[in-house]
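First the structure, in the form of structure tokens, and then the observations on it.
The values are calculated or read from the model by the stated rules, or taken from the named source; none is laboratory data. Here the structure is a predicted model, which means the values were calculated and not measured. All Cβ positions, even for glycine, are placed from backbone atoms using ideal geometry, and neighbour counts span all protein chains on display.
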Amino acid sequence: MSIGNKIRKVRKKRGISQGDLAEMIKVTPAHLSRIEHGKYQPSVEVLRKLSVALQVSADYLLSEEEGGEIKDISIQDESLADRIRLLNLLEGKDKEAIFHIIDSILTKKKILKLLTEGELAKAK
């Protein structure tokens with residue numbers, strides 16, 4: 001299933017109009033329509049906004065698997081969920097700065113995990 005078809009499928013399942021979704025992700029309804037119809041591919045930034053607005057993973061939208069279940073994002077920690085919702089209030093550069101910090105910390109954690117696993121494998 002194409003990314004546009006998945007976006008349309010999830011949008012309709014969530015009961016969100018095309019105009020409302022376009023407003024949520026800060027694009028024109030015409031632009032969103034072109035994405036849904038496969039005429040445009042969403043940018044990374046638009047894809048990120050779509051996954052947040054539709055409450056699905058970007059992986060789900062990007063995968064080429066046919067159909068499949070919609071993977072809801074569920075955040076059990078209310079404090080974290082509130083902070084994520086509030087991120088939508090930030091403007092461009094502020095939001096990008098926050099995402100850059102988060103990405104940097106997560107990358108560091110992944111690298112440390114890989115290094116630790118590599119050290120354990122060598123020890124065996």
Of the conditions (1) under 26 Å from LEU86 (Cβ atoms); (2) touching a strand residue (DSSP E or B) at 6+ places or on another chain (Cβ under 9 Å), the single one that LYS6 does not satisfy is (1)
For region 12-27 the number of residues that are under 22 Å from LYS95 (Cβ atoms) and touching a helix residue (DSSP H, G or I) at 6+ places or on another chain (Cβ under 6 Å) is 4
When region 25-48 is checked residue by residue, the ones that are under 14 Å from SER2 (Cα atoms), in a helix (DSSP H, G or I) and of a type outside the set (A, V, I, L, M) are SER33, ARG34, GLU36
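Listed here are the residues, each with its yes/no results for (1) under 18 Å from ARG14 (Cα atoms); (2) assigned by TED's automatic domain parsing to the domain that holds GLU23; (3) modelled with pLDDT of 85 or more; (4) of a type in the set (Phe, Trp, Tyr).
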| residue | (1), (2), (3), (4) |
| --- | --- |
| GLN41 | no, yes, yes, no |
| VAL44 | no, yes, yes, no |
| GLY67 | yes, no, no, no |
| ASP72 | yes, no, no, no |
| LEU87 | no, no, no, no |
| SER104 | no, no, yes, no |
| LYS110 | no, no, no, no |
| LEU115 | no, no, no, no |
Subset of region 17-30, residues more than 21 Å from PHE99 (Cα to Cα) and surrounded by 16 or more Cβ atoms within 10 Å (Cβ to Cβ), comes to GLN18, LEU21, ALA22
For region 9-34, the count of residues that are closer than 12 Å to LEU61 by Cβ and modelled with pLDDT of 95 or more equals 0
